[in-house]
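Only the coordinates and a few stated rules stand behind these numbers; no lab work does. These figures come from a predicted structure and were not determined experimentally. Neighbour counts are summed over all protein chains in view; Cβ atoms, including those assigned to glycine, are modelled from backbone coordinates with ideal geometry.
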Amino acid sequence: MGNMFANASRPFYQSVSMMYLECIGLSEYENFARRHFENSGRKIGQGVVADIYDRFDGVTWYVQKMLNMLYGITPERGECRAEMLPEALGNILDSYKYTYQEILFRLPERQKELLIAISKEGAARAVTSGEFVQKYSLPSPSSVQAALKGLLEKDFVTHEQGVYRIYDKFFGIWLNKNY
């Protein structure tokens, strides 16, 4: 998203003042979740919010999505426990299943192969190296380079400090479960 404002070839280049927002702190999420669960007669177990926060690097959208799903599957007067996390995540992934399948169907084969390889790696480095290419049975470093360019342009992959990651964390998890 930032590229839209920071890249000279984009139409909104320098049209805004860039501002970095830190993640909301874990204790804020814990208080938020506890308050909302308690207001409806539910409880949230110790460590549940921390597990979600850690899994999704404190990114608000993912934390909120997981908490919302957990709230929905926690019965009234019930307690949300850590054992419910896989069910909540599974429900979310199921809700996006057809979207993710369609994305893969529309991707060129080389981009699809590389996307799956990056998802398996989690935090992929040196994706054009012989070792990476061989590990994931990719055709060649040059084809990886071309596929990578396409994935970056489509914002399926991010590149920060030499590390490639799947932009959509749920999509990355779904890829790992299905490929």
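3J(HN,Hα) along the stretch 162-170, derived from phi through the Karplus expression 6.51 cos²θ - 1.76 cosθ + 1.60 where θ = phi - 60°, amounts to x, 10, 9, 9, 6, 4, 8, 4, 5 Hz, with x in place of Gly and Pro. On the basis of the beta-carbon distance and an R0 of 22 Å, residue 27 and residue 94 show a calculated FRET efficiency of 0.10.
For the residue pairs 65/135; 43/112; 65/154, the C-alpha atoms sit more than 30 angstrom apart in 65/135; 43/112.
Along the stretch 141-157 the Karplus relation, 6.51 cos²θ - 1.76 cosθ + 1.60 evaluated at θ = phi - 60°, assigns HN-Hα couplings of x, 5, 6, 5, 4, 5, 5, 4, 4, x, 5, 5, 5, 8, 6, 7, 10 Hz to successive residues, with x for each Gly and Pro. Each residue in 81, 110, 125 was given a count of other beta-carbon atoms within 10 angstrom of its own, and listing them fewest first yields 125, 81, 110.
Spacing of the modelled spin labels on residue 59 and residue 40, each 7 Å from Cα toward Cβ, amounts to 2.5 nm. Of 16, 127, the sequence from fewest to most neighbouring Cβ atoms within 10 angstrom is 16, 127.
Rounded, prolate or oblate: which one fits the stretch 107-178, using the alpha carbon gyration tensor with axes a ≥ b ≥ c (rounded when a/c is under 1.5, else prolate when a/b beats b/c, else oblate)? Here the stretch 107-178 falls in the rounded category. Taking every pair of alpha-carbon atoms in the chain, give the share separated by more than 29 Å as a whole percent. The proportion of pairs with Cα distances above 29 Å equals 36 percent. A straight Cα-to-Cα reach below 16 Å connects residue 97 with the aspartates and glutamates 87, 168, residues fewer than 8 places away in its own chain not being considered. Taking packing as the residue-averaged number of other Cβ atoms within 10 angstrom, the listed peptides 167-175, 96-104 run from highest to lowest as 167-175, 96-104.
The distance between label points at residue 16 and residue 153 comes to 2.4 nm (points 7 Å beyond Cα on the Cα→Cβ vector).
In the chain, the DSSP-assigned H stretches of four residues or longer account for a calculated mean residue ellipticity at 222 nm of -18000 deg cm²/dmol, using -39500 (n - 2.57) per stretch and the full residue count as denominator. Oblate is the label for the stretch 26-95, because a/c, from the alpha-carbon gyration tensor with a ≥ b ≥ c as root eigenvalues, is 1.5 or above and a/b does not exceed b/c.
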